Amino acid sequence: MTTDLIHWLLYGGAMGLIVIGIVGVVTLNNIFRIVLALAIAEAGANLLLVIAGYRFDAIAPILTGSSANQLMVDPVPQAMVLTSIVIGVGIQALALALVVKVYQNYKTLDIGEIHQQLSTDIDNSSGVISLLSSEQPAGERPLPEPSAQHETAQLNQGGDK
Amino acid sequence: MNQLDTLLLISLITALISGLGRRHQLIGWATAILLTVQFLALLSISSLGYGGTVIESAVNLTILGQPLSWRFDGLSWFFALITIGAAMASSFFAAGIWAKKYKKHGGNPGLLQFAMSLNVFTMLVLLASGDLLSLFIGWELVSWASLLLMVLAGGIATQWGLRYIVYATAGAMSILAGIGIIYHLTGSFAYADLAAAASTFSTTHVVVLSLLFIAGFGVKMGLLPFHLWQAGAYAETPGPGSAFLGAISSRMGLYAMLIVVFQLIGLGKMIAVEIPFTFLSLRDLLMWVAAFTIIFPTYTALRQNDARYLLAWHGIGQGGYMMMGLLLLDPVGSAGGLLHVFNYATNQAALFLAITAVVYRTHTADLNRLGGLVNRMPLTFLVLLVGIIGLAGIPPMNGFVSKWLIYRSLIIEGMPLLFVATVIGTLGTILSVYKLIHNTFLGQLRLEHEHIREVPWSMLAPMLVVATIIFITGFMPGLVLDWVASAQAALGFTPLAYTLGGVETARGSLDMIWLCGVLFGGFGVGALLFYGGGNKAKRVHQLDNYAGGHFLTADTRYHYSNNFYAGLMHHIGGWYRGTFKWLESSLISIVSLLSGLTQILFHSYHPALFLLITATLSLYFFIG
Amino acid sequence: MRNVSALVFASGLAFLLLVITWQFVVGGAPMLIGEAILQQGADKIGSANLVTSVVLGYRGIDTLGEIAILFTASTATSLVLSSLSAKTSSSKKVVIRDDGTILASSASLFFPLLITLGMYIILHGHLTPGGGFQGGVILAAAFFLPLLAVPGRGVNHSGLALVEGFAGASFIIIGIIALFQGNAFLQPFFGHGEMGSLVSAGTLPLLYTAVGLKVGAELSGLLANLAEIGEIVPESTDLQASSMQTESNGS
Amino acid sequence: MNNIAFTVALPLLAAFLLPIISNSSKSAARFIGPFVLLAMLGFSLAYFNMLEHPVAIALGGFRPPLGITFHLDNLSLLMASIIPLIMLVLWPYANIEGYREESLLLLLAGSASGLALSGDLFNIYVFYELLSVASFGLAAANRTGAAFAATFRYLVMSGLGTVLALTGIGLIYTQTGTLNLAHIGLLASQLNNPAGLSAFALIVIGIGVKAEIFPVNGWVPEVYSTASPRISALLAGLISKLAVLVIVRLLVVAYQGPEALTLLLVLGMLGIIWGELSAWRSKDLKRMLSFSSIGQLGMVLVAFSIPGEAGMVAGIAMMLHHLVVKPGLFMLTEHWNGSLNKLAGAAKSSPLAAVLFMLFALSLIGVPPFPGFWAKLLLVTGLVEANTPLYLTALAVLLSATVIEAHYLMHTAIRMYSKGKKKQVKKLHQTPFTLTIISVFAVVLITALITMAPLGNKLQHIAAESSDRALYINTTFAARHTPVRKQISLIKQQSKVQ
């Protein structure tokens, strides 16, 4: 019973954190909150790793005089989690720097507005009116107008204009 | 290094030289002469045209474990002869005075010559292919080389070229799928393995493979639902290029289809394949496709007011005759189909060159703005006349022979409905070529054409040579039937029993020498009567006319050419052409709609949602 | 719509993930390599803290990658932020706000304590829980504290760069020295020493020192970079400049 | 001395020291990057030549399942040699503003070779993260508002992806208790259950963010349109392939069952459809190329989903082909950019670039005899050989997509060659080497075309080697540089390699 409860708590907690993080990223509009949601999801994944190395009634894997023959938990996931936390810190720092710059440029933290302005920027820089407008696309149909045939006839056959 | 390798090497060198020297003034002549050398090299293996054995190329490659080989047989030789011949005529035509004027108006004659010689080389590679893989490589090379020829005029031509390449790629992919399936079934790309394994294929495989290959190769032939690209793409090419493309380019589709579908998979099997809910077999279906390919494009040609488009639409229709003849599978019909390849190539080359000559002088191909040129350009008129007689299949020109063989075979095989269909097609041909010659050369001369002259000899000579060939091979079809018979033998058909003047079978014979003798005898008698019986003719100036008591000046239009056949077209209508256009544009609309949806997806500002959905669905896929 | 579908799919995902994990037994993971390391880790490396043997020994290259990530993040952050600091440096108000004497003096009081604690944790990483990362973070905190207390005070970036450069380089160089001794890259050398003593476990303490300094310098740099942004209310001149830049670069 | 570790250590070392060096001498700092890349190239090529059969190298000198191993076979060494090569070609020699971009590029190179060589799941994750962070920095290096916003969105997607991948790794570790790929391969039977397959799915989707797998590739058009062409070339050409390589390794060692392949096949198929259709609809060159890149990676994925050696050889061929062609095409956008409508007359203003565009486009479509054709042929035969309805559907999708691809690429080419107003084509501020760089890719393509026969044999050899699961496992467990050879009693399962 207790094992079941612990099981649910641990695995449910880890998976819950991951899912909460993902839902946060999907549903939140504020980009700062999105960064936080990402951190929550990372925490969930880290928790899953730690659980993987857990065993009951075991001590930390540090050899001291008294711990000679005692059961120890798995040191590998601990090392992995250490690494992944540090990685997470680096990514979050970069994300925050980007949040700051995005805010300075677009004066908003709303992901929807940012996306709109970004699309406009890209469209402007490439000289396209809008991605979803009805302007001639790359694979537009090459149906020549019948009326144009006669005009070009002279050019192609080497005739005078 | 045998003669085949020599031929291919010369062809490659021709392409390279004309490519590298395409800015040089004399490159036109150099290309033409090199093409002549190719022609001679081809003649050195002319034993193939007279029942000789297959020549294997010494070049063999193995790439990714797949051997590639090349070889030439009677069929390849027959097609190669037409290819190089057409290229020679076009190249000589384009090399001289024509090039100067073309260049003056911003064209690049060197590029045109390069494109033609490249096309010749790629076509020879295709014709020489010795396994399915080299066939596909050759096929794609031909496709892309002809794109170069089609788009080099710029302007509207590039749009037609683009349309062509989309159709061609679709065809090529269909072929690739077919080749892939064959590879799966036989474990190799070799012809021999396919031929050996073909008898074990299940009906489903035969049907799927045949449809894939016929659709793929049919695109280049302009078989019915896939024909929309062809007329414009051929017509908008600079004149000599049109002549070359019209003469031979789409026949490459026929060649490949003959090799794969007729020879290797075996068309005989298709007779056995019944189409559900109909009385038709798969072959009957194809024959009806061929019949409609004859009729619809021919009547579309009738509507054209641009001489080049009119001819190009005919090119599609005439392909139907060849297909029809070969689908008959008997010696007479298949000989008719193959012979028509040769005959049609000569006719189309002559016609396109003649029209180009007219455009050279008048600067227009618009049939509503021409007329009465017969006195100004008599030799061009003669060439055009010979060409249209051939195209319409009227004696004594060569087109009659091949069409006669096809009609004869249709009757022998007991297919009256198809016979009627082809006759309807021929009727359309006659009407439309009459429109062509009437609107250009007959009737009233336009004021602005008052002072034009015959085209220079550098252009006339190739035209006249082609016209002579049309007449001679019409007079003595046995010359060509020699080659046709060995091509038939290479394909595995029973060769036709032929004579110099025609055919001699138990169920019908034709002797063109006799027929021509009667015909010219008749003409001679007529001439005797006319000139001997008091020639009352009086030469007047072409503009010296009056009607209803009123003198007519050149600016009064009494020559009926505008909207020719309006009444007829009113009855026929253009519904069929609209159908195919509608098909095409609805396909494109579907793609457009789908692509709009995909863009919306990429435009969504929450891509993370897709990640969530994908993760959930794929986990569900594994767990659920 | 988006939220509804997100919730639907997320609950589906949560359900599926729980279905997967339901078959796992807590505390019953196979631990194949973990068990092996527990058994022979002490003999092979000589570090009392087996996690440290994994971090620096068995998975040393992971740690190299990890400090490289921190370095990359810091470089990328300063690259991202540099346009701002370059532009506003002239117009920035160089007013050093003093947030109170108590804060300032306690910050300077804690500074040596934190440094000592950080170095202690770094140097005992192979013996006790802790190590380069934990100690490095404390070091960074020591340097960040004055920044919090007295915002606007500059940070010696070139000094930080020097530390992080050499610390990172020495980690790799220790690994390469092992190579030149005929061992594998990052293989511990120098002998095991007596387990439990400060000088033991071969090169591990050296590596951890390098990691500690690197992490400390890296995090200080990152925090300083973020702190130097100041108020993130966009200035109108800056906006115009950046939008002009957008146009000129983008087109 | 196993010096392959230098391909990772050297660039990282140089990147660490670059700020210090550039403080003292700017000119010295400029030479370090190319020099280090040359050294990396030397090390990997030296191994490439020596290699007769695959070897594994235990880093840190620990016996394989415990320590981290680098797996050296033809495939990983090929990638490890291509990385410095491409970086050398795309290195910003002329327009270096500061050391930071250079530093990030070196970090990218180091992590990329680590990713190519590593034989440890968590190590792969670490290098993948390093690669990601470096690519975020590079994507934002333009420092425009749009670049920041696009990079942020990229970062969030990528971050979510790595969370999923880490979850997947956690699930694998929970089940097998090991991280070494070869050891996982040994225990593959334990992973052939819903939990194991789910772990695979999570890793595929997570890593797939960088591999431009549908539908987690929403960042692609944005980042490629806002980053500089060199970076886009690098991301589309190199980085995406390395991410695919990770998936392939996992597939070979542990997931040879049909379910995992089906997932890849379906994702790849959707990627082809979506990518090519969007490219067909796009209106500017950069986005067209980005979408086409998505489609191409879909084809790569479809190729790898074919079971056995046939899939491997097709996949590697598609991968290498795209690796050469896409960077070349992206570099062209340094020449012309912007709306396709304004490309008219581009061929007149720079004829060589237009010819190169044609060359790349033809190879991309798969016109024989260009290398793209052979790759596509391998893919087609592989799909037909697999011969299930799903694979045949994929074949149909692939072939129809090629038609669409031909349409938009040729339409663009024809626009370039059509006559246009003179001032319409904007020539961008370009570095002097742009055309040279594009030509390098073209020369590689043409060389591949000429040497197709020996190249094909080599390719088949590589594929045979890298699709051999038992070989991979044996190689790893025979890793060199394991001075301590104690018996590890706990690893019982390894006695029999399946």
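Worth a mention:
- When the accessible areas of A alone and C alone are added and the area of the pair subtracted, with a 1.4 Å probe, the result is around 4800 Å², both sides summed.
- Between B:Trp514 and B:Leu417, the C-beta separation translates, for a Förster distance of 25 Å, into a calculated FRET efficiency of about 0.20.
- Sites B:Ile13 and D:Thr447, calculated FRET efficiency, Cβ-Cβ separation with R0 22 Å, nearest 0.05: 0.45
- Note on B:Glu413: accessible area approximately 80 square angstrom, rounded to 10, probe 1.4 Å, nucleic acids and ligands left out.
- Overall dimensions of the stretch D:81-142, expressed as equivalent-ellipsoid semi-axes from the Cα gyration tensor (√(5λ), whole Å, largest first), are 22, 14, 7.
- Pairwise burial D:C, computed as accessible area of each alone minus the pair, summed, 1.4 Å, Å²: 5600 Å²
- Within the stretch D:257-467, all pairs of alpha-carbon atoms sorted by distance into 10 Å bins from zero give the percentages 9, 35, 33, 17, 6, 1.
- Think of the protein assembly as shown as having a plus end and a minus end, set by charges on the Cβ of Lys, Arg, Asp and Glu; of B:Gln230, B:Phe352, B:Met257, B:Phe352 sits farthest toward the positive end of this dipole.
- Summed over both chains, the contact between A and D buries some 4400 Å² of accessible surface at a probe radius of 1.4 Å.
- D_trans [Stokes-Einstein, Kirkwood Rh over alpha-carbon pairs] for the stretch B:1-273, 4 °C, 1.567 mPa s, µm² s⁻¹: 68 µm²/s
- Counting Cβ atoms of other protein chains within 10 Å of each residue's Cβ and taking the mean over peptide C:129-141 gives 1.
- For the segment D:411-418, counting C-beta atoms of other chains within 10 Å of every residue's C-beta and taking the mean gives 5.
- By accessible area with a 1.4 Å probe, ligands and nucleic acids excluded, highest first: order of B:Leu515, B:Leu587: B:Leu587, B:Leu515
- Each Lys and Arg adds +1 at its Cβ and each Asp and Glu adds -1 at its Cβ; summed about the Cα centre, chain B shows a dipole of about 1620 debye.
- Placing unit charges on the Cβ atoms of the charged side chains and taking the dipole of the protein assembly as shown about its Cα centre, the candidate lying farthest along the positive direction among D:Ser363, D:Phe214, C:Met31 is D:Ser363.
- The protein assembly as shown, dipole about Cα centre (Lys/Arg Cβ +1, Asp/Glu Cβ -1), debye to the nearest 20: 3220 debye
- Taking all protein chains together and rolling a 1.4 Å probe, A:Tyr106 ends up with roughly 20 Å² accessible.
- About its Cα centre, the dipole of the stretch D:257-467 is roughly 1520 debye, where the only charges are +1 on Lys and Arg Cβ and -1 on Asp and Glu Cβ.
- Taking θ as phi - 60° and the Karplus parameters 6.51, -1.76 and 1.60, the scalar couplings of the stretch C:37-42 work out to 5, 4, 6, 10, x, 5 Hz in sequence order, x denoting glycine and proline.
- Only protein heavy atoms count here; under a 1.4 Å probe, B:Phe441 has an accessible surface of about 0 Å².
- Relative contact order (%) - criterion: Cα under 8 Å, at least six apart; region: chain D: 17 percent
- Ranked by the mean number of other Cβ atoms within 10 Å of their residues, highest first, the peptides B:168-177, B:61-70 fall in the order B:168-177, B:61-70.
- Isotropically averaged projected area of the protein assembly as shown, using the convex hull of Cα atoms (one quarter of hull area), nm²: 62.6 nm²
- Whole-percent carbon and sulfur share, accessible surface of the protein assembly as shown, 1.4 Å: 67 percent
- Computed over the stretch D:330-479: relative contact order in percent, which uses C-alpha pairs under 8 Å that are six or more apart: 39 percent
- Per residue, the stretch B:578-623 exposes 46 Å² of accessible surface when a 1.4 Å probe is rolled over the protein heavy atoms with every protein chain present.
- Calculated FRET value between B:Thr200 and B:Glu450, using beta carbons and R₀ = 60 Å, to 0.05: 0.25
- Mean Cβ count within 10 Å, highest first, over the residues of peptides D:388-399, D:203-214: D:203-214, D:388-399
- Average partner coverage of D:63-75, which counts Cβ from other chains inside 10 Å: 3
- MRE, 222 nm, helices only [DSSP H, n ≥ 4, -39500 (n - 2.57), over chain B, to nearest 500]: -23000 deg cm²/dmol
- For the set B:Tyr605, C:Tyr58, solvent exposure ranked by accessible area (probe 1.4 Å, protein chains only) runs largest to smallest as B:Tyr605, C:Tyr58.
- Greater than 27 Å apart at Cα, pairs in D:Lys286/D:Lys458; A:Lys101/D:Lys241; B:Lys220/D:Lys342; D:Lys241/D:Lys286; B:Lys104/B:Lys581; A:Lys101/D:Lys210: D:Lys286/D:Lys458; A:Lys101/D:Lys241; B:Lys220/D:Lys342; B:Lys104/B:Lys581
- Scalar couplings 3J(HN,Hα) for the stretch B:591-599, obtained by applying the Karplus form with A = 6.51, B = -1.76, C = 1.60 to θ = phi - 60°, are 4, 5, 4, 4, 5, x, 4, 5, 5 Hz; x denotes Gly and Pro.
- Taking every protein chain into account, the accessible area of the stretch D:309-409 amounts to 21 square angstrom per residue (probe 1.4 Å).
The values are calculated or read from the model by the stated rules, or taken from the named source; none is laboratory data. This one's a predicted model, so the numbers in the text were calculated from it and none came from an experiment. Because the Cβ atoms are built from the backbone with ideal geometry, glycine has one as well, and the counts that use them run over all protein chains shown. Just the protein is used for accessible areas: all its heavy atoms, side chains included, with ligands, DNA and RNA removed. Shrake-Rupley method; radii C 1.70, N 1.55, O 1.52, S 1.80 Å.
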